[in-house]
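Worksheet: one structure, shown below.
What follows draws every value from the coordinates through simple rules; no lab data is involved. This structure is a prediction, so every number in the text was calculated from the model and none was measured. FYI the Cβ positions are ideal-geometry reconstructions off the backbone, even for glycines, and counts take in every protein chain you see.
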Amino acid sequence: ESEDRYRALFEESHDAIYFTRSDGSFVEVNPAALRMFGYTKDELLRGRAQQLYVNAEDRRRFREEIERTGFVRNFRVRLRAKDGRELDCVLSSMVRHGAAGEVLGYQGIIHDVSARTESELKLRDYEHFTRTIVSSIHQGVIVYDQELRYQLFNRFMEEITGMRSEQVIGRRATDVFPHLVENGVDALLQRALAGETVQSPDVPYSIPATGRAGWTSALYSPHVSPEGEIIGVVAIVMDTTERKRAEDQLTYNAFHDALTGLPNRALFVDRLERLMRHTKRHTDYVFGVAFLDLDRFKLVNDSLGHLAGDELLIAIGRRLQECVRLGDTVARLGGDEFALLLDNVPDATDATAVAERILASLVEPFIADKHEVYITASIGIALSSTGYEIPEEILRDADTAMYRAKLEGRSRYEVFDRQMHERAVHVLQVDTDLRRAIDRNEFMLHYQPIIDLKRGRITGFEALIRWQHPQRGIVPPAEFIPVAEENGLIIPIGWWVLEEAARQVTAWNERFSPQQPLTMAVNLSPKQFLQGDLLDQLDAILDRTGIDPALLRLEITESVVIRNEQRVAATLDALRGRGIQLCIDDFGTGYSSLSYLHAFPIDTLKIDRSFVGQIGFTGNNAGLVETIVALSRNLGMAAVAEGVETAEQLSFLREVGPQYAQGYFFSAALAAGEIEEMLARDPVW
Ligand code: C2E
Ligand code: CA
Ligand code: CA
């Protein structure tokens with residue numbers, strides 16, 4: 001059993017175990033010995049122990065020792081492996097005796113300590129090694145003493161500071177680099193000295209001599225002596241220029257518009273917030289927000305393409321920047337919307353002067369994709385003196401003022417005032433109510449008689465919508481039609497009007513069977529006219545109401561026909577093809593070009609009531625009525641004078657001779673019941 005145990009030890013040991021004869025020749029060796037020296041068992045058994053020695057002297061000392069005492073313990077010796085490697089070994093050995101006490105040879109155990117010796121070697125050169133690392137790594141290494149004087153300043157530090165180690169060693173950090181104080185590094189060093197490990201923020205550096213510049217960040221740790229005392233600070237300094245640059249780029253992107261490079265909405269609102277805080281502390285400080293929207297930008301985009309549109313936006317951004325002062329901000333909020341932050345405008349005229357400069361600067365055409373492009377803008381201005389709590393409020397009011405500028409005819413600016421706010425709130429309320437009005441059947445039609453001046457009799461009516469608001473009573477169309485135009489509700493409302501009016505006139509013609517069938521004029525909004533399914537909707541209504549199309553007169557405004565698009569012409573032709581009559585409403589107020597009158601199948605011109613109103617006053621507009629009547633006659637069209645209020649106007653019109661007239665002088669627009677009474681009376685003028 002014990003034999004077995006020894007055998008296992010012998011076989012498994014990591015140290016070499018051997019038995020030799022007196023002459024040193026091997027009797028037995030274990031597997032570890034074969035691994036250690038790289039020989040096969042046969043090779044070793046044919047050799048002698050002394051052949052493994054690197055120095056004969058070691059062997060001699062070994063023999064001397066073992067012969068004297070019978071054993072050697074922890075004998076340090078260099079042995080050679082088969083491949084020539086020298087192994088550092090610790091050898092313990094003892095004499096083997098035979099049964100009669102005679103010497104048989106030796107047995108021993110060899111431990112290879114080469115690995116351990118190597119690390120001891122490194123340890124010896126540690127200082128040199130450390131110096132090498134410290135001077136060659138691509139990070140700054142600094143050691144400060146307790147007074148925060150430089151004790152070590154490695155090569156990397158020399159590179160990024162442009163200072164040589166000799167110039168700084170022994171001097172206080174803040175004396176050598178005063179900017180460390182303003183960057184808060186001084187305070188961090190003090191904390192490290194107190195035992196904390198702290199990371200500095202990114203600190204800029206620049207060496208004028210080499211032009212090298214960038215950012216560093218350092219980790220400061222207390223320098224602790226082997227005795228546990230804090231004897232200074234150790235800093236590892238990293239060049240963070242690349243990371244900082246990437247971060248800065250990301251931050252920049254997050255706050256700037258990619259196309260124009262201008263600040264974006266986020267940055268604009270951020271600066272706006274800052275100014276608002278400033279006004280809280282400085283009550284006499286006033287700033288302005290200008291909201292700018294390009295007029296008809298979509299037209300450029302659609303006709304010249306997006307690339308040209310982009311070019312235009314970039315150029316406009318540049319011009320805007322030329323119009324403002326240094327402290328002002330020009331931002332692009334998106335699309336064709338820009339916003340300006342006008343710093344310190346104590347007087348409203350300081351802000352409007354900027355708007356005027358902008359409008360003037362837009363007079364010069366832009367070059368976009370080799371085309372000359374003329375563009376105008378509508379500008380709304382809000383001033384902080386109105387008193388705002390949050391940025392959204394002032395932006396909203398500038399927007400409202402801009403919207404006002406658009407309504408007032410574009411290419412202009414408006415300054416926000418209280419009234420405008422009330423109007424904006426009102427529009428919002430109308431919008432909400434209007435959406436309900438359709439479902440609740442709150443609309444009704446009034447009809448204004450149109451008089452055939454030759455016969456002095458009613459020839460037909462114009463249908464005019466009325467809104468019976470549950471709280472506000474009858475709301476005139478001027479108040480809600482523009483809102484409905486804006487939000488698109490005009491389309492369903494318009495179809496309802498057309499159907500109702502067509503049904504009504506058909507009923508009246510049946511009931512009163514006048515000498516000439518009554519006509520019905522219906523106002524068609526531009527939005528409605530440009531609807532893709534206009535003809536389908538119209539056909540369905542003609543079908544459902546059974547109205548004779550020849551009795552239907554659609555009133556459209558010049559703004560529709562002036563577009564002179566293929567689509568408009570085709571639609572007008574299709575309407576005419578159905579026998580429907582077409583009338584230009586508010587004629588004379590729109591565009592100066594009359595060329596469209598020849599191009600389109602128009603039946604009637606309705607002279608705007610502002611011209612009719614001039615009759616009887618000395619002015620040159622009354623003459624316009626004559627001119628329009630003459631024009632219509634030349635073109636083979638009928639003329640209608642609207643807004644006739646006095647007998648004087650009527651007699652003038654009778655001389656000039658438009659075929660038709662309508663106005664309060666004859667009758668206001670009335671509910672169907674009242675019209676029926678009138679039709680029953682069959683009045684003559
Ligand atoms: P409009 O088409 O020019 O309609 C004529 C307007 O002049 C009507 O105002 C009418 O009541 C008013 N009026 C009539 N005679 C006189 C007069 O002698 N003197 C004066 N000062 N005014 C007179 P209303 O009904 O308030 O309509 C205003 C505008 O609303 C209309 O102008 C029209 O553009 C629009 N509108 C009315 N109903 C509809 C509709 O059903 N659809 C669409 N799209 N627009 C409508
Ligand atoms: Ca009309
Ligand atoms: Ca009109």
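Here are the numbers for this structure:
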read-out	value
Out-of-range pairs (alpha-carbon distance over 25 Å; input Lys527/Lys606; Lys298/Lys527; Lys244/Lys280; Lys406/Lys527)	Lys244/Lys280
Cβ-defined net charge surrounding Ala32, 13 Å radius [Lys, Arg +1; Asp, Glu -1]	-3
Rg/Rh ratio calculated on Cα atoms of the chain (Kirkwood radius)	1.41
Sorted peptide list for 258-265, 637-644, 364-371, criterion being average Cβ within 10 angstrom, highest first	637-644, 258-265, 364-371
Percentage, to the nearest whole number, of Cα pairs in segment 55-203 over 28 Å apart	53 percent
Most positive-pole-ward Cα, Ile316, Asn344, Leu292, against dipole of segment 292-347 from beta carbon charges	Ile316
Exposure proxy order (Cβ contacts within 10 Å, fewest to most) of Lys41, Lys454	Lys454, Lys41
Using alpha-carbon coordinates, inclination of helix 241-255 to the longest axis of the chain, degrees	20 degrees
Dipole-positive endmost among Ala507, Val143, Pro477 within the chain (Cβ charges, Cα centre)	Val143
The chain: antiparallel DSSP beta bridges as a percent of all, rounded to 5	80 percent
Dipole-positive endmost among Val77, Val95, Gln51 within segment 46-106 (Cβ charges, Cα centre)	Gln51
Whole-number D in µm²/s for segment 11-78 (Stokes-Einstein; Kirkwood sum over Cα pairs; 20 °C, 1.002 mPa s)	168 µm²/s
Helix-derived mean residue ellipticity, 222 nm - over the chain, DSSP H n ≥ 4, -39500 (n - 2.57), to 500	-13500 deg cm²/dmol
Karplus (6.51, -1.76, 1.60) ³J(HN,Hα), θ = phi - 60°, over segment 304-316, in Hz, Gly and Pro reported as x	9, x, 5, 4, 5, x, 4, 4, 4, 4, 5, 5, 5
14 Å beta-carbon shell around Arg654, net charge (K/R +1, D/E -1)	-2
Gained length - Ser165 relative to Phe617, 0.36 nm times residue gap less alpha-carbon distance	153.0 nm
Cubic angstrom per residue, convex hull over Cα atoms of segment 287-404	92 Å³
Charge tally in the Cβ shell below 14 Å around Glu159, where Lys, Arg are +1 and Asp, Glu are -1, Glu159 excluded	+1
Distance (nanometres) between label positions extended 7 Å along Cα→Cβ at Ser136 and Arg155	0.8 nm
Most to least packed among 514-520, 229-235 [average Cβ atoms within 10 Å]	229-235, 514-520
Size of charge dipole - the chain - debye, nearest 20, with Cβ of Lys, Arg +1 and Asp, Glu -1, no other charges	1740 debye
The chain - percent relative contact order, Cα under 8 Å, separation 6 or more	6 percent
